[in-house]
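Step one of this worksheet: look at the structure below.
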Amino acid sequence: MAIHNRKRILVTGGAGFLGSHLCARLLAAGHDVLCVDNFFTGAKDNIVDLLASPHFELMRHDVTFPLYVEVDEIYNLACPASPIHYQHDPVQTTKTSVHGAINMLGLAKRTRARIFQASTSEVYGDPETHPQPESYWGHVNPIGLRSCYDEGKRCAETLFFDYRRQHGLRVKVARIFNTYGPKMHPNDGRVVSNFIVQALRNQPITLYGDGAQTRSFCYVDDMIEGFVRLMDSPDEVSGPVNLGNPAEFSIRELAEKVIELTGSRSELAYKPLPSDDPRQRRPDIALAKEHLDWAPTTPLEVGLDKTIAYFDDWLRRLGRGAEHPSH
Ligand SMILES: NC(=O)c1ccc[n+]([C@@H]2O[C@H](COP(=O)([O-])OP(=O)(O)OC[C@H]3O[C@@H](n4cnc5c(N)ncnc54)[C@H](O)[C@@H]3O)[C@@H](O)[C@H]2O)c1
């Protein structure tokens, strides 16, 4: 990209799983990237390769406090994303979504920046309609264990659309469905990373319930492409737009695929289903196709192979690779 197209782009939660991939992508496209993170779930290791670039800046900051910087675009990703992490301090989770949104929207208002919100399929709760189009209002428990995340994200969406209506802000809201890839947290209970680490260690693979509940899994590169296309779309495209992979698998099928690809000796272990765990979740991506010309292109096997390679390397670096199937 030519220098005159260089934008100053803020990525909150930039040291996390999705944020670190997004920072790398924006930097490679020739932009100045400011990564803001409080390192609650993110890690410097995720962005260590970017630190040498003069166009990359890292700031330790909590988005529940105001931030004054000059930027052209804001990607607001800061928020713990896995139940283990967001339930650790549920009040802080709601604050991160709600106060974080208010602070970032205030910044966008002052700087007239475009602003992207990483919302979630969890706004649909335990859906009664499949697949979920953006017009579905959801089926959410407001007082359950997951509510700090689900309702926090729903309130953030409300704020985004009120800032658009009230202040004419250019907002972009993506409802992200399950995404996986390198740099996911190894121990945060998310299903793909869990299964891969268990398989690489030849430990039993934990399935909750009977494993028949389905999920759709989108590879991280496809997701980041969706983020950038949404941010670059015309102002009238504000969303919310579902981004995810409509290809649906049962959790049991995923476990079996991971065992096959890792050549693991792991067996399946069944545990009770946690409360509020949705039975089925699958995006309707017609809007993303129509407005962004976007659909995932990475087959599950290809994405899983790359993710397995990442965790294999991580386990080796940890010095705990002794139980790896190839040993
Ligand atoms: N990964 C998915 O499948 C998925 C699905 C739906 C939505 N999302 C959303 O995408 C975003 C990124 O998710 P992720 O998977 O990369 O999670 P992640 O936990 O890896 O990244 C979140 C980042 O935000 C940072 N953070 C948390 N609270 C903060 C605060 N108060 N101030 C500053 N930084 C803070 C964390 O340290 C971390 O680096 C989140 O908003 C999440 O809700 C992700």
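The values are calculated or read from the model by the stated rules, or taken from the named source; none is laboratory data. Fair warning: this is a prediction, and the values are worked out from it, not measured in the lab. We place every Cβ from the backbone using ideal geometry, glycine too, and count neighbours over all the protein chains shown. Side chains included, ligands, DNA and RNA excluded: accessible areas come from the protein's heavy atoms. Shrake-Rupley method; radii C 1.70, N 1.55, O 1.52, S 1.80 Å.
For region 90-220, the calculated P(r), taken from all Cα-Cα distances in 5 Å bins from zero up to the bin holding the longest distance, is 2, 9, 15, 17, 19, 16, 11, 6, 3, 2, 0 percent.
Each Lys and Arg adds +1 at its Cβ and each Asp and Glu adds -1 at its Cβ; summed about the Cα centre, region 166-318 shows a dipole of about 460 debye. Placing dummy labels 7 Å off each Cα toward the beta-carbon, the span from residue 129 to residue 6 is 4.7 nm.
If you wrap the Cα atoms of the chain in a convex hull and average its projected area over all directions, you get 16.0 nm². Helices of the chain meeting both criteria, an alpha-carbon length of 30 angstrom or more along the long axis and an average Kyte-Doolittle score not below -0.5, with helices taken as full DSSP H segments, are 90-111.
Of the GluC sites (Glu not before Pro) found in region 231-314, those in coil by DSSP whose Cβ has at most 13 other Cβ atoms within 10 Å are 236, 267.
Kirkwood hydrodynamic radius computed over region 1-60 comes to 11.2 Å, based on all pairs of distinct alpha carbons. From the alpha carbon centroid of region 283-321 to that of region 10-89 is 20 Å.
Percent of accessible area on the chain owned by carbon and sulfur, 1.4 Å probe? Its accessible area is 51 percent carbon and sulfur atoms.
Working note: 222 nm ellipticity from helices only, DSSP H runs with n ≥ 4, each -39,500 (n - 2.57), summed and divided by the residues of the chain, gives -11500 deg cm²/dmol to the nearest 500.
Full extension of the chain between residue 162 and residue 291 gives 44.2 nm of extra length, using 0.36 nm per residue less the Cα-Cα distance. Backbone geometry of region 285-296 corresponds, through the Karplus equation with coefficients 6.51, -1.76 and 1.60 at θ = phi - 60°, to 3J(HN,Hα) couplings of 10, 4, 5, 4, 5, 6, 8, 10, 6, 10, 7, x Hz, x marking Gly and Pro. Annotation note: GluC sites (Glu not before Pro) in region 9-91 located in DSSP loop regions with a Cβ neighbour count of at most 14 within 10 Å are 70. Only the Cβ atoms of Lys and Arg (+1) and of Asp and Glu (-1) were treated as charged; on that basis the dipole of region 2-115 about its Cα centre amounts to roughly 380 debye. Averaged over residues, the count of other Cβ atoms within 10 Å places the peptides 7-14, 150-157 in the sequence 7-14, 150-157, highest first. Annotation: peptides 92-101, 172-181, ranked by per-residue average of other Cβ atoms within 10 Å with the highest first, follow the order 172-181, 92-101. Proximity of backbone amide H atoms, modeled 1.01 Å from N, is registered between residue 173 and 117, 239, 241 at under 5 Å, excluding neighbours fewer than 5 places apart on the same chain. The DSSP beta bridges internal to the chain are antiparallel in roughly 10% of cases.
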